[in-house]
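Chemist: The structure is given below, and queries will be raised subsequently.
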Amino acid sequence: MKVSLLRRVWVTFSAYVVGIYASLLNRLEVRGGQFIPGSGGVLLASNHISAYETIFLPWAVLRSHPLQMLWAPAKEELFRKPFQRLIYSSWGAFPVRRGRDVKAGKVLNDLLQDQKVMLFPEGTRHKDGRLGPGNRGVGKLIFDTRPTVIPTALVGLNHWRFPSLGARGAIVFGAQVHFDDLFTLEDCKETHQLIVERLMESIAALLKQEGAYVGRAEK
């Protein structure tokens, strides 16, 4: 997908403004950036604990990959007001309806051919820090598009309040999750479930590595 230089400059500038707040006025650490490829379809799959994530994750990625885009599906309610729609869209967000959204699914499939996309497989926030079950549709997306999948752990952001000074948190990227053995299986619900379960286990392993794992949320 072709994106104008002006838009990419705007997105990178916005990310750096966020980075000043997150990493200089506060203490947000970013680790594992070396695992994010510079090109190709990349899915950054993260736990979901705070509204801060949608602005902090782009900073964590673009600090190492300036002038690129990090696309993100977002709930359609955020796009109802014209100004909000303009801002969110300029940053690479696009609306998704609750339930099965065929149009948004096609956008994701197209983007993951050669773009970076952030996604929260749980589909809903867990402010207590527990890791929810992954949505089987994410397994289907991975099966269909075969992107580089980078597990991502968000730590401590559920305790941040705005504005804040000196708040601590971390965004940790892990090594690519491989699904080659599962890609040989039939394209069916059971296979998609196995894929997303492996992904969630990878995110859980990162949280445990950071000492931030507090268990699984009930289905």
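Chemist: Please compute the net charge surrounding Asp128, taking Lys and Arg as +1 and Asp and Glu as -1 over other residues with Cβ under 12 Å from its Cβ.
Modeler: +3
Chemist: Less than 11 Å from a label point 7 Å out along the Cα-to-Cβ axis of Arg146: which backbone N atoms in the stretch 169-213 qualify, by residue?
Modeler: Backbone N within reach: 180, 183-184.
Chemist: Another question, if that's okay. Can you give me the C-alpha center-to-center distance between the stretch 70-86 and the stretch 26-69, rounded to a whole angstrom?
Modeler: The two parts, judged by their Cα centres, are 19 Å apart.
Chemist: Another question about this same structure. Would you work out what percent of the accessible area of the stretch 1-101, with all protein chains in place, is carbon or sulfur (probe 1.4 Å)?
Modeler: Summing carbon and sulfur atoms, their accessible area is 64 percent of the total for the stretch 1-101.
Chemist: Here is a further query. Students sometimes get this wrong: rank His159, His126 by accessible area, probe 1.4 Å, all chains present, largest first.
Modeler: I get His159, His126, largest accessible area first.
Chemist: DSSP H helices in the chain with Cα extent of 24 Å or more along the helix axis and mean Kyte-Doolittle hydropathy at least -1.0?
Modeler: 189-209
Chemist: Based solely on its DSSP helices, what 222 nm [θ] is calculated for the chain when runs of n ≥ 4 H residues each add -39,500 (n - 2.57) and the sum is averaged over all residues, nearest 500 deg cm²/dmol?
Modeler: Result for the chain: -11000 deg cm²/dmol, rounded to the nearest 500.
Chemist: Which value, in Å² and to the nearest 10, is the accessible area of Ser89 when all protein chains are kept and the probe is 1.4 Å?
Modeler: Taking all protein chains as shown, Ser89 has close to 40 Å².
Chemist: For the stretch 55-95, what does the relative contact order come out to in percent, with C-alpha contacts under 8 Å and a separation of six or more?
Modeler: It comes to 40 percent, rounded to a whole number.
Chemist: With Kirkwood's inverse mean 1/r over C-alpha pairs for Rh, give me the Rg to Rh ratio of the chain, two decimals please.
Modeler: Taking Rg over the Kirkwood Rh, I get 0.94.
Chemist: At 1.4 Å probe size, what's the solvent-accessible area of Ile87? Round to the nearest 10 Å².
Modeler: Using a 1.4 Å probe on the heavy atoms, I get roughly 40 Å².
Chemist: Could you provide, to the nearest whole Å², the per residue accessible area of the stretch 146-219 with probe 1.4 Å?
Modeler: It amounts to 54 Å² per residue over the stretch 146-219.
Chemist: Still on this structure, please answer the following. Convex hull over the alpha-carbon atoms of the stretch 76-148: what's its volume per residue in Å³?
Modeler: In the stretch 76-148, the Cα hull volume divided by residue count equals 118 Å³.
Chemist: To continue, here is another question. Over all directions, average the projected area of the Cα convex hull of the stretch 9-71 and note it in nm².
Modeler: The directionally averaged projection comes out at 4.4 nm².
Chemist: Return the Rg/Rh value of the stretch 130-177, two decimal places, where both radii are evaluated on C-alpha atoms and Rh is the Kirkwood radius.
Modeler: That ratio is 1.11, to two decimals.
Chemist: Using a Gaussian network model of the chain whose springs link C-alpha atoms within less than 10 Å, name the residue from Arg125, Arg31, Arg100 with the highest mean-square fluctuation.
Modeler: With Cα springs under 10 Å in the chain, the top fluctuation among Arg125, Arg31, Arg100 is at Arg100.
Chemist: Which values of log₁₀ I(q)/I(0), to two decimal places, follow from the Debye formula for the stretch 113-219 at q = 0.12, 0.18, 0.23 Å⁻¹ with a uniform point scatterer at every Cα?
Modeler: -0.44, -0.91, -1.32
Chemist: Could you work out the Kirkwood radius for the stretch 1-110, taking every pair of different alpha carbons, averaging 1/r and inverting it, reported in Å?
Modeler: 15.1 Å
Chemist: Considering the Cα positions of the stretch 147-210, please state its Rg to one decimal place and its Dmax as a whole number of Å.
Modeler: Calculated on Cα positions, Rg and Dmax stand at 15.7, 51 Å.
Chemist: Using a probe radius of 1.4 Å on heavy atoms only, what accessible surface per residue do you get for the stretch 1-140? Whole Å² is fine.
Modeler: 53 Å²
The values are calculated or read from the model by the stated rules, or taken from the named source; none is laboratory data. Keep in mind that what you see is a predicted model, and the values were worked out from it rather than measured. A quick note on method: Cβ atoms are made from the backbone with ideal geometry, for glycine too, and the neighbour counts reach across all protein chains shown. All accessible areas refer to the heavy atoms of the entire protein, side chains included, with ligands and DNA or RNA removed. Shrake-Rupley method; radii C 1.70, N 1.55, O 1.52, S 1.80 Å.
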